[in-house]
Structures are given as structure tokens and as C-alpha cells.
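Colleague: Dropping the structure in here first, questions after.
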Amino acid sequence: MSIIILGIESSCDDTSAAVIRDGYLLSNVVASQAVHESYGGVVPELASRAHQQNIVPVVYEALKRAGVKKEELSAIAFTRGPGLMGSLLVGVSFAKGLARSLGIPMIDVNHLSGHVLAHFVKTEGEETDQPQFPFLCLLVSGGNSQIVLVKAYNDMEILGQTIDDAAGEAIDKCSKVMGLGYPGGPIIDKLARQGNPKAYTFSKPHIPGLDYSFSGLKTSFLYSLREWLKDDPDFIEHHKYDLAASLENTIVEILMNKLLKATKQYNIKQVAVAGGVSANNGLRNAFRDYAERYGWKIYIPKFSYTTDNAAMIAIAGYFKYQHKEFCPMDAPAYSRVVLA
Ligand code: KG4
């Protein structure tokens, strides 16, 4: 009999539901929240309210597109954390209510593990090259920058992580001070394609081991910008392409240097990238370049699996379902946690 999993994601500002049958994706619906744009960042209270409005239509649409009746579901997988508490509660409560009414098990998924396991989502008619365990995954999102050793679907070790800002957070903050808009990642990416990545240099961190740091770069960027603006009030408008390209290039170099170090230290050449920042073209190109230079076998996700989505939650749930790893009805959401 088929295993059909409904995945639900509501950890930040995207309400998403996806249906996976026997590891193959049938639907993945994402409702993003435009309400935060004018604030230049996610407003938690507005996010949870928007999740409440979106959750029923998004789940309904995911089931409809999948051609699956709710009575056919085997289990419901949901993001239990980490994330914004109010946002998580909407998805967690909805999953609990639906699972109880259908009399089916619930599967809790760690959002970060979900990002890593997105590499295992299969689509009918499409050949997907999946990583073999163990592999390394560079997990880069708005809140995290980590190098993860993935030994199994349920055994992940963080080898290094940021000690302050995440890569995505640094990009978003620099974009904000340049007045370019929110979220900064896609905007910087677009501008960077037309700029010179070597036009400006910003300070790089000297952190031991495999940890990252991005707050020094952010400060160096802001300080330089302030000086340049004294001489030319329109400096940003005149140099935005080069500024974006140089900022992106610095961040990519910092990320790749530590990742290379990790591949050598652990003697692993299967390397994946995941999370919102993995949509970045400069980072994707660097991965291809390193693959050629160092003989890596690389795994770069489809754009639709880079930012928050429920397909990754459903596939993580599918792994757990096969090992009957269900969670109790009283499992609470958690806002902070390391990889489980
Ligand atoms: O994984 P994600 O959707 O949310 C979190 O769980 O944090 O990541 C969001 C982050 C934001 O910082 C956003 O600016 C960044 O991913 N991002 C990008 C790009 N698209 C999204 N950063 C660089 N280049 C992009 N194309």
C-alpha cells in the first residue's frame, strides 16, 4: 500500500503544504506573506495571523492538486521548530487537529533537517541524483549558516556554525541599509550579476575551526559605505552593482573556504547546499567551480526547495514514517533547537 504524507510548514513567513506519495512529490503549495515588505523584516505577530488565514486554503489546495482525499493520508508531518513560536503554533495546532480527526499518526520534523533532506524529494518522470550517506551539507538560510555532516536521515552533526549573524541575515541587513528592499538576498543576487566582484574588499573573519562569523563583514560594509557617502551622497545609486557583487563575493568566499576545509578534514567529497541562500547564483557557481577543482560530487537543490517549503517537511516525514517514528499528540512546538 502507498505511503501518502501531508507535510505542513509554518515556521516563519511562508505557509506551505505538500503531498508526497512513496517519496514522489504530488504537490507543493506555498503562500508567501507580502505583508512584511513595508516593515523591512518579518513581523512575528503579523506572520502568525497570516498563517491562520492561509493554512486551510493552502492545505486544501495541496490535497486538490495532488488528487488525494484527506482520508487517504497515512500521516501528517509538520515543522515543530525551530522558528517563530506564534507561526509554528498555527501549523502544529492544525496538524494535531487534522491528524486526530482522521485518526492517523503525526510526525514532527526539525525545520533544519527538512532543508537538508530536501535533496531526497523525487518527482515522477524526472531523474534525480540523490546524495549517499554520509555527505556534507552547507545549510545557509536567513537564520542559520552551518556545515552539517549528514550520516543518516536522523543522524546529523553540526561541524561548524555562525557564532553571530547568518549569511542571509548579513545580506538582508546590508541590502536594507542601502535602501534596496527586503528580503535583500534575491535583490543583491540580481544586481551582483552586473557588477565587478573585485571592486571593493571588506574584512573577512578569522575564526578558528569550522565556525563562521558575518557580523564583522556587516560592520565593515556599513563603515565603508558611510565614508563613501560623505564624498558622494549618490554613491549607492552609482555603484550598486559593484557593491552587491563585492558583498556577495566576500560572503561566498567565506562560506566556501570553511566548507573546503571541512571536506578535507572529514575526507568527504559529496557536498550539498540547502536553505534560502542556496538560491544565490554566485554560491551555485562557486559550487560548480569547486566541484571541478576539487573533484566534489555536488547536490544543488531546485529553486523551489531552497526557501521554506513543505515538500522538504513531507520527505523528512516519509523517512520517519518508514521507521514508525511518530510523535505524541501533546508534543509542543519549539522556537530554538539544534539539529535533531
Ligand atoms: O531558508 P529561508 O527561506 O528562511 C529561513 O529559514 O531563514 O532563507 C531566507 C534567506 C533570506 O536571508 C534571503 O535573503 C535569502 O535566504 N535568499 C537569498 C536568495 N534568495 C533568498 N540570498 C542570496 N541570494 C538569493 N538569491
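Colleague: Does segment 262-269 contain at least one residue that is away from the ligand (no atom under 16 Å from the Cβ) and hydroxyl-bearing (Ser, Thr, Tyr)? Walk me through it before giving the result.
Modeller: The first filter runs over segment 262-269 and keeps only residues away from the ligand (no atom under 16 Å from the Cβ), leaving 262-269.
From the residues that got through so far, the ones that are hydroxyl-bearing (Ser, Thr, Tyr) too are 263, 266.
Yes - at least one qualifying residue is present in segment 262-269.
Colleague: Still on this structure, I have one more. Within the group Lys190, Lys218, which residue is within 16 Å of the ligand (Cβ to nearest atom), surrounded by 15 or more Cβ atoms within 10 Å (Cβ to Cβ) and among the charged types (D, E, K, R)?
Modeller: Lys218
Colleague: OK, next. Being open to solvent by less than 20 Å² (accessible area, probe 1.4 Å) and hydroxyl-bearing (Ser, Thr, Tyr) is the filter here, so list the residues in segment 296-340 that pass it.
Modeller: Those that are open to solvent by less than 20 Å² (accessible area, probe 1.4 Å) and hydroxyl-bearing (Ser, Thr, Tyr): Tyr299, Tyr305, Thr306.
Colleague: His206 passes all but one of (1) crowded, with 16+ Cβ neighbours inside 10 Å; (2) closer than 23 Å to Leu260 by Cα; which number fails?
Modeller: Only one criterion in (1) crowded, with 16+ Cβ neighbours inside 10 Å; (2) closer than 23 Å to Leu260 by Cα is unmet by His206, namely (1).
Colleague: Hey, could you check segment 274-303 for residues that are within 16 Å of the chain's Cα centre (by Cα) and hydroxyl-bearing (Ser, Thr, Tyr) and say which is nearest to Asp189 (Cα to Cα)?
Modeller: Only one residue fits best here, namely Ser278.
Colleague: Which is open to solvent by less than 10 Å² (accessible area, probe 1.4 Å) and part of a helix (DSSP H, G or I), of Leu98, Leu88?
Modeller: Answer to the check: Leu88.
Colleague: Same structure, new question: Within the set of pairs 6+ apart or on separate chains, which have a first residue in segment 135-155 that is open to solvent by less than 10 Å² (accessible area, probe 1.4 Å), a second that is within 12 Å of the ligand (Cβ to nearest atom) and acidic (Asp, Glu), and C-beta atoms under 9 Å apart?
Modeller: As it stands, the answer is Ser145/Asp165; Ser145/Glu169, since those pairs meet every condition given.
Colleague: In this structure, is Leu112 part of a strand (DSSP E or B) and either within 16 Å of the ligand (Cβ to nearest atom) or free of Cβ contacts under 8 Å to residues at least 24 places away in the same chain (or both)?
Modeller: It is false that Leu112 is part of a strand (DSSP E or B) and either within 16 Å of the ligand (Cβ to nearest atom) or free of Cβ contacts under 8 Å to residues at least 24 places away in the same chain (or both).
Colleague: Tell me which of these Glu237 doesn't satisfy, since it passes every other one: (1) out of contact with any strand residue (DSSP E or B) (no Cβ under 7 Å at 6 or more places or on another chain); (2) within 16 Å of the ligand (Cβ to nearest atom).
Modeller: With (1) out of contact with any strand residue (DSSP E or B) (no Cβ under 7 Å at 6 or more places or on another chain); (2) within 16 Å of the ligand (Cβ to nearest atom) applied to Glu237, the lone miss is (2).
The values are calculated or read from the model by the stated rules, or taken from the named source; none is laboratory data. Note that the structure is a prediction, hence the values are computed from the model and not measured. Every residue, glycine among them, receives a Cβ derived from its backbone with ideal geometry; neighbour counts consider all protein chains shown. Note: accessible area is taken over every heavy atom of the protein model, side chains too, but ligands, DNA and RNA are not part of it. Shrake-Rupley method; radii C 1.70, N 1.55, O 1.52, S 1.80 Å.
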